[in-house]
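The values are calculated or read from the model by the stated rules, or taken from the named source; none is laboratory data. Just so it is clear, the model here is predicted, and its values are computed rather than measured. Cβ placement follows ideal geometry from the backbone for every residue including glycine, while neighbour counts extend to all protein chains displayed. Keep in mind that these areas ignore ligands, DNA and RNA; they rest on the heavy atoms of the full protein, side chains included. Shrake-Rupley method; radii C 1.70, N 1.55, O 1.52, S 1.80 Å.
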Amino acid sequence: MTMGAPFDLAQTDKLLTTTRAVRKRLDLTRPVPRELVRECIEVATQAPAGGNVQRWRWVCVDDPDIKAGLADLYRRAYEPYIAMQREMVEQAGRGGVAGIISSSDHLAEVLQDVPTLVIPCGLDRVPAEGGGGTAQGYYGSLLPAVWSFMLAARSRGLGTAWTTLHLGYEREAGELLGIPDTVTQLALIPVAYYTGDDFKPGDRRDVDEVTYWNGWRRRET
Ligand SMILES: Cc1cc2nc3c(=O)[nH]c(=O)nc-3n(C[C@H](O)[C@H](O)[C@H](O)COP(=O)(O)O)c2cc1C
């Protein structure tokens, strides 16, 4: 099937299938050079954007006081969120989620100590329904670059995790960083060298369960 592929598929597929949400294996003791973060952003800016508008900005934070402020906001949102998750796990007995909870707890505790926090931003607010533009077009022109950033980081030995909980306090985070209200913060990505040297593919739904051909829920034709 993939004979003659123009890339080394073993390598590219490994990158694509083992870029995990890294929380417990973030090395908090080793600074991340700004140049390396810049390099990842440079790779990320090759991602597609509608009309090639590139309305992204990347706010990188390595100042300890600002990181501490962001971590406080993250925890303020995290605590009620995780309490709800714990309750759901207890009721439904979803054992697999316990690992995610313990790893998420760890990240919430140490977020201020992660060497660099990156907040990718869009230069506009998300378009309201019925106005000009769609949310799909808006996010679709920004989020592929964020994932590219994470892939570029992973291939350089840096671990990342997509997080959004601080966005419950987007305005407060904006005040810490001087981000105008007209801008949308998209995520908060902790960036650190990872410890250990390997990651495995994650737990995902079967490809045939999620793939349809020629119509909704049609798997055969
Ligand atoms: C939109 C989005 C929001 C997320 N928000 C958070 C978050 O606030 N905190 C966190 O620890 N992980 C967050 N995650 C990470 C997910 O928990 C993680 O991607 C998922 O469990 C799969 O992890 P894996 O790739 O390591 O298997 C978020 C992921 C996405 C895509």
### Message
What is the sum of charges, Lys and Arg at +1 and Asp and Glu at -1, for the other residues whose Cβ falls under 12 Å from the Cβ of Asp198?
### Response
+4
### Task
Whenever you get a sec, line up Tyr139, Tyr78 from highest to lowest accessible area (probe 1.4 Å, protein heavy atoms).
Tyr139, Tyr78
## Note on the structure
Per the helix-only model, the chain has a calculated mean residue ellipticity at 222 nm (DSSP H runs of ≥4, -39500 (n - 2.57) each, divided over all residues, rounded to the nearest 500) of -13000 deg cm²/dmol
### Query
Counting pairs of alpha carbon atoms under 8 Å apart in space and at least six apart in sequence, what relative contact order in percent does segment 106-177 give?
13 percent
## Note on the structure
Put Phe199, Phe149 in order of accessible area, largest first, probe 1.4 Å, and you get Phe199, Phe149
### Message
With viscosity set to 0.890 mPa s at 25 °C, what whole-number translational diffusion coefficient in µm²/s follows for the chain from Stokes-Einstein and a Kirkwood radius over Cα pairs?
### Response
127 µm²/s
### Query
To the nearest 10 Å², what's Asp181's accessible area with a 1.4 Å probe?
100 Å²
### Task
Under a 10 Å cutoff between Cα atoms, tell me which one of Thr116, Thr12, Thr160 has the largest fluctuation in the Gaussian network model of the chain.
Thr12
### Message
As a test of reading the structure, rank Met150, Met84, Met3 by solvent-accessible area (1.4 Å probe, protein chains only), most first.
### Response
Met3, Met84, Met150
### Query
In debye, nearest 20: dipole of the chain around its Cα centre with unit charges on the Cβ of K, R (+) and D, E (-)?
400 debye
### Query
Given labels modelled 7 Å from the Cα in the Cβ direction, how far is it in nm from Asp198 to Thr17?
1.3 nm
### Query
Using a 1.4 Å probe, how large is the accessible area of Glu87, given in Å² and rounded to the nearest 10?
110 Å²
### Query
Picking from Leu165, Leu111, Leu188, which is most flexible by a Gaussian network model of the chain using Cα springs under 10 Å?
Leu165
### Message
Can you tally the net charge around Trp162? Count Lys and Arg as +1, Asp and Glu as -1, for every other residue whose Cβ sits under 15 Å from the Cβ of Trp162.
### Response
+3
## Note on the structure
Expected vector for segment 50-56, Karplus 3J(HN,Hα) from phi with 6.51, -1.76, 1.60 and θ = phi - 60°, integer Hz, x for Gly and Pro, equals x, x, 6, 6, 6, 8, 10
### Task
Using Cα pairs closer than 8 Å and at least 6 residues apart in sequence, work out the relative contact order for the chain, in percent.
34 percent
### Query
Given a Förster radius of 45 Å and the C-beta distance between Asn214 and Glu175 as r, what FRET efficiency does 1/(1 + (r/R0)^6) yield to the nearest 0.05?
0.35
### Query
So which residue, out of Leu177, Leu117, Leu151, gets the largest mean-square fluctuation from a GNM of the chain using Cα contacts under 10 Å as springs?
Leu177
### Task
Determine how large the accessible area of Tyr81 is when every protein chain is in place; take a 1.4 Å probe and give Å² rounded to the nearest 10.
90 Å²
